Amino acid sequence: MINEDGIALLTIEFRKFAKRLEESFGVIITDEMVHDQIRVLNAERRALADVYHLAREDPPRVSGRELFDMFNSSTTSFDSDEKLTELHRLKETYTARPIPVRHPKRILLTGSPVTKATVKVIDAIESAGGTVVYLEGCIGSRATELLVDEENPDVYDALAHKYIRIPCSCMTPNTARLGIIGEKIDEYQVDGVVDMGLVACHTFNAESTKLREYVSEVKKTPFMHLETDYSCADTGQLSTRLSAFLEML
């Protein structure tokens with residue numbers, strides 16, 4: 001639960017995890033070491049944000065597929081200096097290229113994590129003439145925007161405060177997710193919201209009704225819920241449904 005008791009419990013779990021790592025690998029993990037890594041990861045998050053904020057522009061300077069590839073590659077590299085250099089290069093590349101002439105329909109994609117198996121949803125949206133300008137999922141812009149407090153002397157408490165604020169559908173209550181989506185609809189001038197739920201991701205699928213009501217009735221923005229899995233069997237069906245949704249925007 002997102003409350004002080006939840007934060008206290010998560011802080012304890014982080015401390016236990018650090019202790020287990022020390023025992024398993026025969027190392028000592030000091031608070032100073034954790035604090036140094038907090039600064040490093042915050043710098044990476046800011047560099048990621050500098051790139052995906054280019055999607056705020058109209059037309060956006062960066063596509064949803066490019067955003068996905070950026071987030072995906074950032075989780076597979078452990079060289080921080082190399083990662084920062086690449087992110088700065090990406091920003092320069094995207095900023096320097098010609099401004100697109102086409103003004104595509106701007107889509108906010110939310111729901112279950114987008115992976116290499118489910119990036120088919122982004123591809124279907126952009127093949128149909130839209131552009132995903134914000135990835136509001138477990139892996140994407142939402143988690144990146146939340147920084148760890150570098151001034152907090154208790155590094156594990158700082159980590160707990162950061163990670164418990166990620167509005168995953170397993171949290172209760174999860175009203176923060178609605179607030180973030182509403183804010184991003186305005187900030188990114190979103191034309192429509194697509195909510196992707198994996199077949200076995202029951203918590204996100206359960207939230208879809210509440211999310212539809214909020215997006216449609218409060219934000220007055222078109223909304224579509226898709227349920228899919230990790231196979232490519234429904235690629236044609238997704239393409240047809242998303243093309244029809246974009247056509248109605």
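The values are calculated or read from the model by the stated rules, or taken from the named source; none is laboratory data. What you see is a predicted model; the values in this text were computed from it and never measured. With ideal geometry, Cβ positions are generated from the backbone for all residues, glycine too; neighbour counts draw on all protein chains shown.
Below, the figures for the structure above:
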| item | result |
| --- | --- |
| Pairs, first touching a residue at least 12 places away in the same chain (Cβ under 8 Å) in segment 89-100, second part of a loop (DSSP other than H, G, I, E, B) and not hydrophobic (A, V, I, L, M, F, W, C), C-beta under 6 Å, six or more apart | TYR94/ARG61; PRO100/PRO59 |
| From LEU249, LEU198, residue being in contact with a Ser or Thr (Cβ under 8 Å, 6 or more places away or on another chain), of a type outside the set (Lys, Arg), modelled with pLDDT under 95 and over 28 Å from ASP50 (Cα atoms) | LEU198 |
| Residues of segment 118-143 satisfying the condition of being buried (at least 20 other Cβ atoms within 10 Å of the Cβ), in contact with a Leu (Cβ under 9 Å, 6 or more places away or on another chain) and over 25 Å from HIS202 (Cβ atoms) | ALA128, GLY130, VAL133 |
| Pair list, Cβ < 6 Å and 6+ apart or interchain, from segment 211-228 residues that are buried (at least 20 other Cβ atoms within 10 Å of the Cβ) to residues that are assigned to a helix (DSSP H, G or I) and among the hydroxyl-bearing types (Ser, Thr, Tyr) | PHE223/SER216 |
| Out of PRO98, PRO104, sole residue that is on the phi < 0 side of the Ramachandran plot and exposed (fewer than 11 other Cβ atoms within 10 Å of the Cβ) | PRO98 |
| In segment 108-134, residue farthest from VAL190 (Cα to Cα) [restricted to those that are in contact with a strand residue (DSSP E or B) (Cβ under 8 Å, 6 or more places away or on another chain) and assigned to a helix (DSSP H, G or I)] | LYS120 |
| Every pair of residues 6+ apart whose Cβ atoms lie under 8 Å, when the first sits in segment 137-151 and is more than 19 Å from ILE122 (Cα to Cα) while the second is of a type in the set (S, T, N, Q) | LEU147/ASN42; VAL148/ASN42; GLU150/ASN42 |
| Condition check for ALA124: at pLDDT 90 or above and more than 29 Å from LEU226 (Cα to Cα) | no |
| Cross-chain or 6+ apart pairs with Cβ under 6 Å, segment 12-30 first and within 18 Å of ASP157 (Cα to Cα), then among the acidic types (Asp, Glu) and at pLDDT 95 or above | ILE29/GLU22 |
| Matching entry among SER231, SER216 (being at pLDDT below 95 and polar (S, T, N, Q)) | SER231 |
| Single condition LEU10 does not satisfy, out of (1) more than 21 Å from the chain's Cα centre (by Cα); (2) within 20 Å of LYS184 (Cβ to Cβ) | (2) |
| Qualifying residue in segment 36-58 (condition: more than 29 Å from ASP191 (Cα to Cα) and free of Cβ contacts under 8 Å to residues at least 12 places away in the same chain) | yes |
| Number of the condition not met by ALA200 [criteria: (1) touching an Asp or Glu at 6+ places or on another chain (Cβ under 9 Å); (2) within 24 Å of GLU57 (Cβ to Cβ); (3) surrounded by fewer than 16 Cβ atoms within 10 Å (Cβ to Cβ)] | (2) |
